[in-house]
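Working notes, beginning with the structure itself.
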Amino acid sequence: MTTLLEQRYRTVLRLLPSYYRTEREEEMVEAYLHGIDERNRDELRPAWGEVASIAALALRTRMGAAGAPARYATLGAVVRLFALLSVLLQAASGLTGQALFLAWVRGAPARDREMVLMGFTGHGAPAGLYEVVRWLLPLAWTVAYLALLRDHRRTAFAFAALAALPGLASATQYLGGGQDALVVSFSLTAAVFSWLTVLALCCGFHRDAPPARLPLSSPGLVLLGTCVLMGASTVVWPGGADPEWAGGAAFIAAAAAWLIARFRSPRHTRDPALPLALAALGLAVLVERTLGLAFLADAHAPGFLLTAAAVQAGVITALAAALTTTGTRGLTARWRTG
């Protein structure tokens, strides 16, 4: 006779994907019920710790654990690649932005330099320390990137969470400060992108997941190349590059490079995970680019700035659509064959 406790355990086990539940459900129910007096089984419920453990297992088994069907293996690969590429983009953005800031401060007139430094020293020691920490924290994306590629997953997750804190602080500050709706939206979008990266990192790189791997090139060269590209896109056009310009340029270069590689060597680029991960990253970049364009329009920026931002948004949209189409076709073919 089935007891209420057994029914409750089976209800919780429905969190697991069907392929895993079919193989392990009876064994797991037996293990959970072992040692519990049958007379008490109608009064008890699964412990919260057990529910949390099953939920974590459900996540791992959907993110490409050993023996997972092709669709779950691909989903896990997409999430891991999105996390890795997003950490890479934000690491390069942090390094490039801080390097350009230091270069500007060094070459700025004394009066401008003093005004900038007053933001760190003009409001007392606690406020100054807060600003210094807030300025340094985005560099933690680089530590997270390097730790992830050395398979130090907890370190990568911890530093990614630290790096995402300034965005959360800014969003909270703007939400409570009566700022313009566009400013609040932009701040919230940046914070959501950062914490979405942290979430993908946590979910994708579980204990059963394979190590992080960048396709086609070495991690150091990719980071250096991304920094150079983002820095050059800003330096070459200092009067027209808004904060979203460099990130958009980096995505365009990566997406175009993959599509060219796909055209030249279809056999080596059949895996749908990379184009789908790039498409997801492109969607995040496009949202920021669109908000940046709206901000420029609201500020009555010159026409050439609006045109450049609109063209970049259009190119990002086209590339993201092409990546999505290519990745979806590869995904469909993989599901049919396996």
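Quick look at the values:
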quantity	calculated
Residue in the stretch 66-76 that is modelled with pLDDT of 85 or more, within 27 Å of G225 (Cα to Cα) and in a helix (DSSP H, G or I) present	yes
Condition broken by G49, with the remaining ones in (1) touching a residue at least 60 places away in the same chain (Cβ under 8 Å); (2) not assigned by TED's automatic domain parsing to the domain that holds D208 satisfied	(1)
Selection from the stretch 190-213 of residues that are in contact with an Asp or Glu (Cβ under 9 Å, 6 or more places away or on another chain) and assigned to a helix (DSSP H, G or I)	A190, F193
So D112, is it more than 27 Å from T226 (Cα to Cα) and of a type in the set (D, E, K, R)	yes
Identity of the residue in the stretch 183-208, closer than 19 Å to R62 by Cβ and over 17 Å from the mean Cα position of the chain (by Cα), that ends up surrounded by the fewest Cβ atoms within 10 Å (Cβ to Cβ)	R207
Condition met for F159 (more than 13 Å from the chain's Cα centre (by Cα) and either closer than 30 Å to L274 by Cβ or crowded, with 20+ Cβ neighbours inside 10 Å (or both))	yes
Residue match in the stretch 170-189 (condition: in the same structural domain as R80 (by TED's automatic domain parsing), under 19 Å from A277 (Cβ atoms) and either modelled with pLDDT of 90 or more or assigned to a helix (DSSP H, G or I) (or both))	no
Those residues of the stretch 95-139 which are of a type in the set (D, E, K, R) and either free of Cβ contacts under 8 Å to residues at least 12 places away in the same chain or not assigned by TED's automatic domain parsing to the domain that holds L223 (or both), in sequence order	R106, R111, D112, R113, E114
Residue check for A92: within 26 Å of L223 (Cβ to Cβ), of a type outside the set (V, I, T), in contact with a Cys (Cβ under 8 Å, 6 or more places away or on another chain) and touching a residue at least 60 places away in the same chain (Cβ under 8 Å)	yes
Selection count where residues are within 16 Å of W258 (Cα to Cα) and of a type in the set (A, V, I, L, M, F, W, C), scope the stretch 212-227	3
Selection status of L274, farther than 21 Å from A163 by Cα and in the same structural domain as G314 (by TED's automatic domain parsing)	yes
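The values are calculated or read from the model by the stated rules, or taken from the named source; none is laboratory data. Fair warning: this is a prediction, and the values are worked out from it, not measured in the lab. Quick reminder, even Gly has a Cβ in these numbers, built from the backbone with ideal geometry, and neighbours come from all protein chains shown.
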